[in-house]
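First comes the structure, then the notes that go with it.
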Amino acid sequence: GWTLFFWAFWLAWGPFVGVFLARISRGRTLREFIIAAITVPVICDFLIVTTFGNSALYEVLHGNTSFAEEAMESPEQGWYSLLEMFPGATFIIGLATLSGLLFYLTSANSGAMVMSTFSASIPDPAQDGPKWLRIFWALVTAVLTVAMLIAGGVSTMEHATLIFALPVTVIAYLVMMSFSKALRMERVQMDGVVQVQRGSSRERTWRQRLAGLRHYPDADEIRSFTADTVAPALDEVHTEFTRLGYDATLTCGEDAATSLPTWTLLVPLEHHRGFQYMVAPVTTPVPSFGGRRAQSQEDYLRLEVFDQTGTRGYDLNGLTTQQIVDDVIDRYEMHLSFLTESASTDTRSRLTPPVTPVAEPSLIKDEE
């Protein structure tokens with residue numbers, strides 16, 4: 001029974017805890033995430049459960065039947081009865097109560113944050129749900145918790161967890177399958193990139209690189225650079241693709257978070273994932289180190305490149321028209337190499353799905 005309960009408990013908590021940890025771990029590698037967010041907490045839990053769990057078993061196995069009955073009938077009271085058996089019981093009980101309160105508050109806060117994000121329309125993925133919605137979900141969680149405790153205590157909450165976790169079980173397996181597929185696709189995509197010998201034409205000059213370290217463009221500058229440099233570069237490439245017989249399209253959109261223009265070049269490839277080169281603004285915090293910073297400026301804008309799987313993580317701002325043209329061709333060559341590599345390692349249905357234009361970057365959740 002306990003095994004089934006804990007499995008259901010983990011599954012019921014999994015969705016919002018996973019999203020919360022991903023939200024606060026943006027920019028970390030999978031290795032760092034596994035060590036800091038999974039391995040270390042599990043080791044701490046293992047030590048705590050081993051210490052107190054074995055202590056409780058020791059009492060039961062050595063004939064303390066009153067404690068055993070109390071723990072079975074009222075686990076919450078049995079927990080405090082166990083702590084009373086330790087030296088310095090007053091201090092330990094106070095510390096345990098404080099830890100329990102902090103555990104509940106932080107868990108409720110993270111759960112409310114995730115639920116507010118799920119139930120709100122957020123144009124900027126760097127932002128969370130509105131505060132009023134977070135307060136609403138925190139109150140709903142508190143009311144449900146109190147109601148279940150009044151209705152039947154811990155056992156009622158256990159039964160509710162089992163019920164709530166059942167549909168999540170199916171979703172969890174689908175998420176694991178999707179995550180595995182995404183990692184395999186990323187691996188093949190990186191293998192395809194390795195096959196391309198990138199030229200130096202797109203690389204910034206050392207003066208461009210140094211200037212970029214001390215410059216944080218605002219919306220007006222990004223709008224001007226997009227119109228004067230990005231749009232002509234993509235139009236030139238689109239014209240050449242069309243002249244060569246490709247069914248290429250170049251469209252201009254608007255980013256929901258910044259109201260700035262976005263440009264998307266699509267080149268469909270029959271029976272394979274199409275090529276996409278999308279340039280869109282991304283709001284980024286101004287670093288507090290390494291360069292000049294205006295005191296009133298907290299964020300700046302980057303013009304990042306998005307393909308079918310999301311952002312490629314680099315900024316086009318400051319490049320010349322020719323450098324952007326060369327970057328498009330580099331990316332197209334990498335895409336063809338990716339298709340070649342994926343065809344030799346796996347089936348088309350898994351690694352090269354049909355072309356589907358990616359959503360605006362403001363709607364793309366952090367996939368790192």
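The values are calculated or read from the model by the stated rules, or taken from the named source; none is laboratory data. Computed from a predicted structure; not experimentally measured. For neighbour counting, all protein chains shown are included, and Cβ atoms are generated from backbone atoms with ideal geometry for every residue, glycine included.
Could you please let me know if Glu186 is more than 30 Å from His335 (Cα to Cα), part of a helix (DSSP H, G or I) and charged (D, E, K, R)? Against the criterion (more than 30 Å from His335 (Cα to Cα), part of a helix (DSSP H, G or I) and charged (D, E, K, R)), Glu186 does not qualify. Within the range 55-68, being of a type outside the set (Val, Ile, Thr) and either loosely packed, with under 11 Cβ neighbours inside 10 Å or in contact with a Lys or Arg (Cβ under 9 Å, 6 or more places away or on another chain) (or both) holds for Leu61, His62, Gly63, Ser66. Residues of the range 56-103 that are small (Gly, Ala, Ser) and closer than 20 Å to Thr156 by Cβ: Ala71, Ser74, Gly78, Gly100.
Considering only helices (runs of 4 or more DSSP H) fully contained in the range 28-134, which possess at least 3 residues that are touching a residue at least 12 places away in the same chain (Cβ under 8 Å) and more than 30 Å from Pro285 (Cα to Cα)? Correct list: 40-61, 75-83. Close contacts from the range 304-332, counting a first residue that is free of Cβ contacts under 8 Å to residues at least 24 places away in the same chain and a second that is part of a strand (DSSP E or B), with Cβ to Cβ under 6 Å and a gap of 6+ residues or different chains, come to Arg312/Val305.
Restricting Thr65, Thr51, Thr29 to residues that are within 15 Å of the chain's Cα centre (by Cα) and over 28 Å from Arg134 (Cβ atoms) narrows the list to Thr29. Being loosely packed, with under 12 Cβ neighbours inside 10 Å and under 16 Å from Val17 (Cβ atoms) is a description that does not apply to Thr117.
Arg23 passes every criterion in (1) touching a helix residue (DSSP H, G or I) at 6+ places or on another chain (Cβ under 9 Å); (2) surrounded by fewer than 11 Cβ atoms within 10 Å (Cβ to Cβ); (3) touching a residue at least 24 places away in the same chain (Cβ under 8 Å) apart from (2). Please pick out the residue among Phe20, Phe16, Phe86, Phe6 that is assigned by TED's automatic domain parsing to the domain that holds Val175 and over 25 Å from Ile163 (Cβ atoms). Criteria check complete, one pass: Phe86. Out of all the residues in the range 265-279, which are out of contact with any Phe, Trp or Tyr (no Cβ under 6 Å at 6 or more places or on another chain) and within 16 Å of Asn317 (Cα to Cα)? Of everything in the range 265-279, just one residue is out of contact with any Phe, Trp or Tyr (no Cβ under 6 Å at 6 or more places or on another chain) and within 16 Å of Asn317 (Cα to Cα), namely Tyr277. Whether any residue in the range 97-104 is hydrophobic (A, V, I, L, M, F, W, C), surrounded by 13 or more Cβ atoms within 10 Å (Cβ to Cβ) and assigned by TED's automatic domain parsing to the domain that holds Gly18 is what I want to check. No: zero hits. The condition (being closer than 30 Å to Glu254 by Cα and modelled with pLDDT under 90) is satisfied by just one residue among Gly152, Gly129, Gly111: Gly129. Considering only the range 269-283, I want to know if a residue exists there that is at pLDDT 85 or above, under 30 Å from Gly18 (Cβ atoms) and over 22 Å from the mean Cα position of the chain (by Cα). Yes, that holds for at least one residue.
Do we have Val146 as within 30 Å of Glu73 (Cα to Cα) and loosely packed, with under 14 Cβ neighbours inside 10 Å here?
So Val146 fits the description; yes.
Given the options Gly274, Gly245, Gly253, name the one that is outside any helix (DSSP H, G or I) and without any contact (Cβ under 8 Å) to a residue 12 or more places away in the chain. Criteria check complete, one pass: Gly245.
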